[in-house]
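This report concerns only the one structure given below.
The numbers here are math on the coordinates, done by the rules we state, and not lab data. Note that this is a predicted model, so its numbers are computed, not measured. Methodologically, a virtual Cβ is constructed for each residue, glycine included, from the backbone with ideal geometry; neighbour enumeration extends over all protein chains shown.
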Amino acid sequence: WCGPIKSVFVNFPGDQMRNMTDEELADTYLKRFGYINTLEKSGLQSQSKALMKMQKQLGLEETGELDQATINAMNQPRCGVPDVRS
Amino acid sequence: YQTFAGNLKWDHNDITYRVLNYSPDMDESLIDDAFARAFKVWSDVTPLTFTRLYAGTADIMISFGKLDHGDPYPFDGKDGLLAHAYPPGEGIQGDAHFDDDEFWTLGNGAVIKTRYGNADGAICHFPFTFLGKSYSSCTTEGREDGLPWCSTTASFDEDKKFGFCPSELLFTYGGNSNGRACVFPFVFDGETYNSCTTEGRNDGYRWCATTSNFDTDKEYGFCPSRDTAVIGGNSEGEPCHFPFTFLDKTYTSCTSEGRGDGKLWCATTSNYDKDQKWGFCPDRGYSLFLVAAHEFGHALGLEHSSIQDALMYPMYKYVKDFSLHSDDTAGIQFLYGPKTGPDPTPPQPKSTTSPPVTTTEPTRETTETTPHPVDPKDDACQVDKFDAIAEIKGQLHLFKDGYYWTMSSQRKEGLNGPFPIKQSWPALPAVLSTAFEDILTKKIYFFSANQFWVYTGDQVQGPRRIEKLGLPASLERVEGSLPRGKGKVLLFSEDKFWRLDVKTQAVDTGYPRYTDYVFGGVPNKPHDVFLYKGHYYFCQQSFYWRMNSKRQVDRVGYVKYDVLKCP
């Protein structure tokens, strides 16, 4: 009985914040708040560059990696105004 | 700090705002207060002023909405995005939107302002004890009518102070029913409803009919949130049902099981597996004041700051004792400059009955005798805010700092004056707070601070304390008056009014009433109220709201330009 408890995640009807993978969360976040400019025609900026930009803006360690601190920051309640305006 | 591209800013310093709707989470007065305090954060450090409008288009239009709420940036349910605002400009620019799938509080759990009872609208005190048992939320225990109530002190058993908590059985907000309670059951679209519903709406707000049949009467209001209600999910407004079954296990309290985000939830029926009805449990919520102060920063021209302790940092963080960070101050002052001139200080009341002495005891015998420095040769058009305005002997009288002007109702003669008040009514102090003429007896009543005088021709009675009329001793001043005919006059102070029977010189039972309940659409704390040519005028700063006899606001404007016709 010392084994880890297996959590079962369910999709709750009407839940707007459905379970997302970390990568999906990062992609949505970086686009929504202006770190990845989806309108830029010169090609996609790398996610790493966008992550660096986001980490700098939010005062996090600038690793360019989707680390736990960055994921935590992305899950924080916040203002909907983009951090980087195109 | 950052400003928007091109340093977008307002081209005027007298900013207007308007609250378009309210959240069911907090009493309207608390929401109004949170917004006013949020604007004050910015007006304290800049030359900006903020005036609330109740009709028309304001620079900053404030609204609550859920998900798709009419702009290209939908909200996302509970948590995540809390609010957004647009930089200064025309149209939607400058507007602030708040996600009503959030639980709006003052940042530390539900703030429940009571109504009725004997606590004069005080906030619930949680926990409180009732018959030896501790309660952390409003309860219907001890009542047969199902109305939730709370104690406003730690112990109802000892203090017996209580009030009723928001519920659809007590009142509604918005809609067209002037705050009347829901009527259950009610019929809508041929169906019978026994509780508030979101049916028939696409904005997710819960509503009810305030008569038994919406289809015939079309009368409705929105349901206030009960403090025990779940937030979001698919059962907004319903209470948790304990115990409940989830994945064949029984739960007697909120749980985060089944979720990857750790948020607490509950079922609103006995069996989630069968009914799939759920919602998030009430938590500390988000401080509307802090979020609004941040959003108003955007509405004034600030972008997000990268300093974590700055108000304009994009993440929400609750702080108990807020003070504006120097980065925010630098940002807003970059756009609008620093505040100029001294901070406004309220005039110090002086006693008329005793010489000035040093004392730590507050005195209630106060009459405002200290006039503000206004040059009497100035004409009325140079006065921004009059002490009192009243229609006396068919002429509008405008009082300010020991002087008054008159204007005939026909306005053919224009403004006359200034005349010294002492010349016409020698017993009066320099600063009046309101006046009215009793049409039946031709007596003129003048109020200043907590005293009043009655003039019959040259004869004067007074000063007498306003408690003699049955008004509360705690009232600092009567700020407005509306003669209602048949010897009745409404006396306004703060956000309430009383009805005075002039003949018996006593206020009627059933009062005070809240100004905004009866006179919807006008400022709920006007600094002056008067009757002029059959219209009610409610004044705040240099603006007036005119209301017709059907209590409809039919005009909002400047006292100076629209009433006095100043150039």
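The length gained on full extension between B:LYS249 and B:SER270, counted as 0.36 nm times the residue separation minus their Cα-Cα distance, comes to 6.4 nm.
Which pairs break 25 Å Cα to Cα here: B:LYS160/B:LYS525; B:LYS133/B:LYS317; B:LYS385/B:LYS525; B:LYS133/B:LYS277; A:LYS31/B:LYS317? Over 25 Å Cα-Cα: B:LYS160/B:LYS525; B:LYS133/B:LYS317; B:LYS133/B:LYS277.
Using Cα pairs under 8 angstrom and six or more residues apart, how large is the relative contact order of chain B, in percent? Display every interim value, and only then the final one.
Details: 1245 pairs, mean separation 57.5, N = 567.
Computed over chain B, the figure is 10 percent.
Let me know the mean shielding of B:73-82 by other chains, meaning the per-residue number of their Cβ atoms within 10 Å of its Cβ. All intermediate terms of the calculation are to be shown ahead of the outcome.
On the way: counts 4, 2, 2, 5, 5, 4, 6, 10, 6, 4.
Per-residue shielding by partner chains comes out at 5.
For the listed peptides B:94-101, B:27-34, a ranking on the average number of other beta carbons within 10 Å per residue, highest first, reads B:94-101, B:27-34. Ordering of B:221-233, B:536-548, B:155-167 by packing is B:221-233, B:536-548, B:155-167, highest average first (other Cβ atoms within 10 Å, averaged per residue). Taking the Cβ of B:PRO523 as the center, what net charge do the other residues with Cβ under 15 Å away carry, scoring Lys and Arg +1 and Asp and Glu -1? That sum, taken over residues with Cβ under 15 Å, equals 0.
Pull up the DSSP beta bridges for chain B and report the antiparallel fraction as a percent, rounded to 5. Don't skip to the end; give the middle numbers.
Details: 92 of 109 bridges.
Taking every DSSP beta bridge within chain B, about 85 percent pair in antiparallel fashion.
Label separation (B:LEU131 vs B:SER155): 1.8 nm, computed from points 7 Å beyond Cα along the C-beta direction. The local environment of B:ALA209, defined by Cβ-Cβ distances under 15 Å, has a net charge of -3 under the rule Lys, Arg +1 and Asp, Glu -1.
Between helix B:28-43 and chain B there is an angle of about 70 degrees, using the helix long axis and the longest principal axis of the Cα atoms.
Measuring r between the beta carbons of A:GLU65 and B:TYR318 and using R0 = 35 Å, the FRET efficiency lands at 0.75. The mean count of C-beta atoms from other chains within 10 Å of the C-beta of residues in B:256-269, rounded to a whole number, is 3. B:ALA229 sits among other residues whose Cβ lies under 10 Å from its own Cβ, and their net charge, with Lys and Arg +1 and Asp and Glu -1, is -2. For B:ALA506, the amide hydrogen comes within under 5 Å of the amide hydrogens of B:ASP501, counting only partners 5 or more places away or on other chains and with H modelled in the peptide plane.
Net length available on complete extension from B:LYS533 to B:ASP379 is 53.1 nm, with 0.36 nm assigned per residue and the Cα-Cα distance removed. Working note: Debye formula, equal point scatterers on the alpha-carbon atoms of segment B:158-285, no solvent; log10 I(q)/I(0) at q = 0.09, 0.10, 0.15 Å⁻¹ is -0.32, -0.39, -0.78.
Between B:PHE334 and B:GLN308, what FRET efficiency follows from the Cβ-Cβ distance if R0 is 22 Å, with the result rounded to 0.05?
Values: r = 20 Å, r/R0 = 0.92.
In this case the efficiency is close to 0.65.
Computing Rg and the Kirkwood Rh from the Cα coordinates of chain B gives a ratio, Rg/Rh, of 1.00. From the helices alone, meaning DSSP H stretches of at least four residues, give me the mean residue ellipticity at 222 nm for the protein assembly as shown, per-run term -39500 (n - 2.57), in deg cm²/dmol to the nearest 500. When only DSSP H runs of four or more count, the value is -3500 deg cm²/dmol. For chain B, the longest principal axis of the alpha carbon atoms and the long axis of helix B:326-336 meet at an angle near 50°.
Could you tell me which of rounded, prolate or oblate describes segment B:89-223, using a ≥ b ≥ c as the square roots of the eigenvalues of the alpha-carbon gyration tensor, with rounded for a/c under 1.5 and, failing that, prolate when a/b is larger than b/c and oblate otherwise? Before the final figure, lay out each step's value.
Values: a/c = 2.54, a/b = 1.37, b/c = 1.85.
Because a/c hits 1.5 or more and a/b fails to exceed b/c, segment B:89-223 counts as oblate.
Rounded to the nearest 20 debye, the dipole magnitude of chain B is 2360 debye, with +1 charges on Lys and Arg beta carbons, -1 on Asp and Glu beta carbons, and the Cα centre as origin. Per-residue extension of 0.36 nm, minus the Cα-Cα distance of B:ASN118 and B:ASP554, leaves a gain of 153.3 nm for this segment.
Of the listed peptides B:105-111, A:56-62, what is their order by residue-averaged count of other C-beta atoms within 10 Å, with the highest listed first?
B:105-111, A:56-62
Projecting the Cα atoms of B:GLN540, B:THR515, B:PHE530 onto the dipole axis of segment B:511-567, where Lys and Arg carry +1 and Asp and Glu carry -1 at the beta carbon, places B:PHE530 farthest toward the positive end. The antiparallel fraction among DSSP beta bridges confined to segment B:48-204 stands at about 75%. Here the label points at B:ASP71 and B:ASP145, each 7 Å from Cα along the C-beta direction, are separated by 4.2 nm in the simple model.
Inter-chain neighbour count for B:61-69: the average number of beta-carbon atoms from partner chains within 10 Å of each residue's beta-carbon is 0. Computed from the alpha carbon atoms alone, the convex hull of the protein assembly as shown holds 218 Å³ per residue.
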